[in-house]
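Peer 1: Here it is, the structure, as structure tokens.
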Amino acid sequence: MHDAPSVTLRFPELDFHLVGWSVAGIETWLRVPEWSLTIDCGRPAMQAIASRHLALTHAHLDHAGGVAGWLGLRSMLKMGHADVYAPAAVCDALRAVCAAWAELQRVRFAWTLHPVQAGDRFEIGGGRVLEALPAHHNDVPAVGWAVYARRQRLRPELVGLAGAEIARRKRAGAVISDAFLHPLLAISGDTRSTIAAEVSALREAEVVLHETTLLDDAHPAAKAHQGGHTHLRDLDESPVAESARFFVPYHVSQRYDTATARELLHAALGGRFGARCVPLLPEVDRGER
């Protein structure tokens, strides 16, 4: 089935990967096929319609302009019910927009819209939990997102005991482990870089995606901050991805062609992250799209 270009990022030793596209002001959509999850929907990408879950960071057109089309394609292809998660303050307008398109198309969209605040959590299957994270995108209602895996770990007082003794206590009815949420993926959404100091998932997830809209001194940090965005220079002072296996800068401005963006990101982040830095950049020159 025909679709526009996308980029695939794979992470050694991890059992999930990313497919998507992100150019600031143009479109952002990011899919994790293994979890049936898409984050943002700047256009109704065919690769993304199989996702049962769609989590929106905010309602700017380049992040949410494709929602009605996404729902329409799912309806046409009989993909079944979908769950959409969006900042609570934008849900009335988003619901009205999608209702208008459903009326124009003479269809019924099969979806549930979940209004969210930072801290809200949702089960998305496979022992995974989706959580809305705080974001600082000026006065625009916005969130980031994290996905956690439910896991168990040995209780602290049992660490160091022989396996036979732990097994004996378990047979006797003792609780030997505690449940916890392990962060697999965190995505900042459009935000100022200061958010990483507040949000542990943006420091500790296996894969951390953080928007990095402007990259050079020709477009200074103050310009990025004016729009509620992050400048590459901001990451010098940010703890973002300090414990992550992989760091994915994304949402780079259309001002930069791919080669220039890659060079600037490598120069600024290569020493800190090395091969752990995996930028999400279109593999074509922006002018060729």
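The values are calculated or read from the model by the stated rules, or taken from the named source; none is laboratory data. Predicted, not measured: the structure shown is a model, and the values here were computed from it. Ideal geometry is used to build each Cβ from the backbone, glycine not excepted, and the neighbour counts take in all protein chains shown. Heads up: the accessible areas ignore ligands, DNA and RNA and are worked out on the full protein's heavy atoms, side chains in. Shrake-Rupley method; radii C 1.70, N 1.55, O 1.52, S 1.80 Å.
Peer 1: Kindly evaluate Arg108 against the criterion of being in a strand (DSSP E or B), more than 30 Å from Leu280 (Cα to Cα) and open to solvent by 60 Å² or more (accessible area, probe 1.4 Å).
Peer 2: no
Peer 1: Which members of segment 175-196 meet the condition of being at pLDDT below 90, among the hydrophobic types (A, V, I, L, M, F, W, C) and surrounded by 12 or more Cβ atoms within 10 Å (Cβ to Cβ)?
Peer 2: Hit for segment 175-196 is Ile176, nothing else.
Peer 1: Within segment 49-67, track down each residue that is open to solvent by 10 Å² or more (accessible area, probe 1.4 Å) and under 23 Å from Leu214 (Cα atoms).
Peer 2: The answer is Ala59, His60, Leu61, Asp62, Ala64, Gly65.
Conditions (1) assigned to a strand (DSSP E or B); (2) in contact with a Pro (Cβ under 7 Å, 6 or more places away or on another chain); (3) without any contact (Cβ under 8 Å) to a residue 24 or more places away in the chain; (4) crowded, with 17+ Cβ neighbours inside 10 Å, marked per residue:
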{"residue": "Thr8", "(1), (2), (3), (4)": "yes, no, yes, no"}
{"residue": "Ser22", "(1), (2), (3), (4)": "yes, no, no, yes"}
{"residue": "Trp29", "(1), (2), (3), (4)": "yes, no, no, yes"}
{"residue": "Pro44", "(1), (2), (3), (4)": "no, no, no, yes"}
{"residue": "Gln47", "(1), (2), (3), (4)": "no, no, no, yes"}
{"residue": "Trp70", "(1), (2), (3), (4)": "no, yes, no, yes"}
{"residue": "Gly80", "(1), (2), (3), (4)": "no, no, no, no"}
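Peer 1: For residues that are without any contact (Cβ under 8 Å) to a residue 24 or more places away in the chain and part of a strand (DSSP E or B), scanning just segment 111-146, find the one that is farthest from the chain's Cα centre (by Cα).
Peer 2: By that ranking, first place goes to Glu123.
Peer 1: So which of Ala86, Ala102 is touching a Pro at 6+ places or on another chain (Cβ under 9 Å), open to solvent by less than 50 Å² (accessible area, probe 1.4 Å) and within 23 Å of His60 (Cα to Cα)?
Peer 2: On inspection, the qualifying residue turns out to be Ala86.
Peer 1: Need the failing condition index for Glu211 against (1) under 28 Å from Arg151 (Cβ atoms); (2) open to solvent by less than 60 Å² (accessible area, probe 1.4 Å); (3) under 19 Å from the mean Cα position of the chain (by Cα); (4) acidic (Asp, Glu), just the number.
Peer 2: With respect to (1) under 28 Å from Arg151 (Cβ atoms); (2) open to solvent by less than 60 Å² (accessible area, probe 1.4 Å); (3) under 19 Å from the mean Cα position of the chain (by Cα); (4) acidic (Asp, Glu), Glu211 is out only on (1).
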